[in-house]
Amino acid sequence: MNNVVIIGSQWGDEGKGKIVDILTEKADMVVRFQGGNNAGHTLVVDGETYALHLVPSGILHPGKKALIAGGVVVDPDVLLEEMDHLMARGVALTPENFMVSERAHVIMPYHRLLDQAREGRRGEGRIGTTGRGIGPAYEDKAARIGLRLGDLRDLDFFRDQAALALAEKNHLLSGLYGLQPCALDDLAARAGLWQRRLTPYIGDTWRALQSALVRGDKLLFEGAQAVQLDLDHGSYPFVTSSNPLSGAVAVGAGLAPKLIGNVLALVKAYSTRVGAGPFPTEQENDLGLRLREKGAEFGTTTGRPRRCGWLDAVVVRHSLTLCGADHLAVTKLDVLSGLPELKIATHYLLDGEKIDFFPADIRAAGRCRPVYETLPGFEGDLSGARKLADLPAGARGYLDRLSELCGIPPAFVSVGPGREETISLHDFF
Ligand code: IMP
């Protein structure tokens, strides 16, 4: 099958952008199917750094098509800013190579305000959202009071729908949170601007996808966030509001589940998490600081420092099973270089009992103590390695144990941020 889905197996920021970028060279179409501009991919292409939040990173390759499917929530201001940024740097972005679904829900200004106000009100109990309005936009979608990009085609209709939503939102904004209400006229004016600029790109991405399948195109589905942040399967409530697992391609893009194809799971060689929530292998010590500095673990979207810790095979295995992953892409192996020994959590101790799963009960998850296996460390600069034999023995041993614990082989090993700083072990397309 010609389709590949890329998913994150930890808490996000596994380096998906770079692997998507590599696979795009052979793919015909790259599709985003969930999440929004809470995602952030940093890509280094020909020495140029690009930070993308919404537009699929495949757009950096001439001749490829990029779709933002209906399962994504889109902040039109952010999308336009990103499109302008790309076009100013010479990236071709035309209605022929880039389409956004008419079914995609719009992140409205009040969604952002509500996201931030709610987080502020939760105080110590905050989730640590990106503050981009993702949760409130998905809430409105489920509550059937959301606005969709296709609604922009008729500004009167858009205005009427916005008025319905505002009747509730302004109540919350001013009554509960003490903020200024949103003015309908301002929203309508903004919608006019969005309509003028975005209409050529808004279309039926499902039909575009079906045509691509009929042509036999090679399709790449670019997951955002990661399985441990999944609304249904992650550490609720410290999750995002979409489903970042592979099955979400079926719903978010409109693809029959049996056509999903190859699932490539990204595993960073250690763990990171942004925002609150249980993190059994977290290292709040010199090691954590070292991983953060060496791995440049600061959010692409918010700039927040990421929490860092040892690799957690319990978490990764859980994600791989949920997604039916066939291969691993192990990233940032180079960051571990120079450590005398390395640890991988293989199980947890929960109230004295050995378990091999992440408990659904968030309080139980917080009490889990990792059981580690210790492996020898390795030294040296890995960035020149292009085959496994180029790696020091300790790095190979670590990789071998990791894939043994996961039960699937690596297809890629990333040894530096650049596209070429990669060991490729499997051809997908
Ligand atoms: P939201 O998606 O902005 O609602 O944030 C919910 C949780 O998901 C927070 O813990 C965020 O830090 C986390 N999150 C959202 N997007 C990403 C991402 O792309 N990488 C890592 N964490 C993310």
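Report, ordered by the first and then the second residue, all pairs with beta carbons closer than 8 Å, sequence separation of six or more or different chains, a first member in segment 274-285 that is modelled with pLDDT under 95, and a second member that is within 11 Å of the ligand (Cβ to nearest atom) and outside any loop (DSSP other than H, G, I, E, B).
Pairs that qualify, where the first residue is modelled with pLDDT under 95 and the partner is within 11 Å of the ligand (Cβ to nearest atom) and outside any loop (DSSP other than H, G, I, E, B), are VAL274/ARG307.
I'm trying to understand the selection: among the residues of segment 121-134, which are in contact with a Phe, Trp or Tyr (Cβ under 9 Å, 6 or more places away or on another chain) and open to solvent by 20 Å² or more (accessible area, probe 1.4 Å)? Full working, then the answer.
First pass over segment 121-134, keeping only residues in contact with a Phe, Trp or Tyr (Cβ under 9 Å, 6 or more places away or on another chain): 121, 127-128, 133.
Across segment 121-134, the qualifying residues are ARG121, ILE127.
What is the number of the single condition among (1) within 14 Å of the ligand (Cβ to nearest atom); (2) over 16 Å from THR240 (Cβ atoms); (3) open to solvent by less than 30 Å² (accessible area, probe 1.4 Å) that ALA137 does not meet?
Looking at each condition in turn, ALA137 falls short on (2).
Quick one: which of ARG103, ARG144, ARG118, ARG196 is within 16 Å of the ligand (Cβ to nearest atom) and open to solvent by 60 Å² or more (accessible area, probe 1.4 Å)? Explain how you work it out, then say what you get.
Numbers: ARG103 fails: within 16 Å of the ligand (Cβ to nearest atom); ARG144 fails: within 16 Å of the ligand (Cβ to nearest atom); ARG196 fails: within 16 Å of the ligand (Cβ to nearest atom).
Going through ARG103, ARG144, ARG118, ARG196 in turn, just one is within 16 Å of the ligand (Cβ to nearest atom) and open to solvent by 60 Å² or more (accessible area, probe 1.4 Å): ARG118.
Determine the pairs where a residue that is outside the structural domain of VAL315 (by TED's automatic domain parsing) and on the phi < 0 side of the Ramachandran plot, located within segment 369-380, has a partner that is modelled with pLDDT of 95 or more and aromatic (Phe, Trp, Tyr) with Cβ atoms under 6 Å apart, the partner being 6 or more residues away or on another chain.
Within 6 Å, no pair qualifies.
With within 17 Å of the chain's Cα centre (by Cα) and either closer than 16 Å to GLN10 by Cα or not assigned by TED's automatic domain parsing to the domain that holds GLY223 (or both) as the only criterion, which of LEU291, LEU349, LEU342, LEU328 stands out?
Values: LEU291 fails: within 17 Å of the chain's Cα centre (by Cα); LEU349 fails: within 17 Å of the chain's Cα centre (by Cα); LEU342 fails: within 17 Å of the chain's Cα centre (by Cα).
So the residue among LEU291, LEU349, LEU342, LEU328 that is within 17 Å of the chain's Cα centre (by Cα) and either closer than 16 Å to GLN10 by Cα or not assigned by TED's automatic domain parsing to the domain that holds GLY223 (or both) is LEU328.
Look at segment 228-268 and say how many of its residues are more than 16 Å from the ligand (Cβ to nearest atom) and either touching a residue at least 12 places away in the same chain (Cβ under 8 Å) or of a type outside the set (A, V, I, L, M, F, W, C) (or both). Step through it out loud before you land on a result.
If we filter segment 228-268 for residues that are more than 16 Å from the ligand (Cβ to nearest atom), which is where we start, we get 246-247, 249-251, 253-264.
Narrowing the set further to residues that are either touching a residue at least 12 places away in the same chain (Cβ under 8 Å) or of a type outside the set (A, V, I, L, M, F, W, C) (or both) leaves 246-247, 249, 251, 253-255, 257-264.
Residues that pass the stated criteria total 15.
Of LEU113, LEU79, which residue is modelled with pLDDT of 95 or more and either part of a strand (DSSP E or B) or open to solvent by less than 10 Å² (accessible area, probe 1.4 Å) (or both)?
Step by step, each of LEU113, LEU79 is checked, and only LEU79 is modelled with pLDDT of 95 or more and either part of a strand (DSSP E or B) or open to solvent by less than 10 Å² (accessible area, probe 1.4 Å) (or both).
Report those strands (runs of 3 or more DSSP E) wholly inside segment 318-378 carrying at least 2 residues which are aliphatic (A, V, I, L, M). Lay out the reasoning, then the answer.
Numbers: elements: 327-331, 341-350, 353-355, 369-376.
Those strands (runs of 3 or more DSSP E) span 327-331, 341-350, 369-376.
The values are calculated or read from the model by the stated rules, or taken from the named source; none is laboratory data. None of these values were measured; they are calculated from a predicted model. Here Cβ is always computed from backbone atoms with ideal geometry, including for glycine, and neighbour counts include all displayed protein chains. Surface areas here come from the heavy atoms of the whole protein model, side chains and all, with no ligands, DNA or RNA. Shrake-Rupley method; radii C 1.70, N 1.55, O 1.52, S 1.80 Å.
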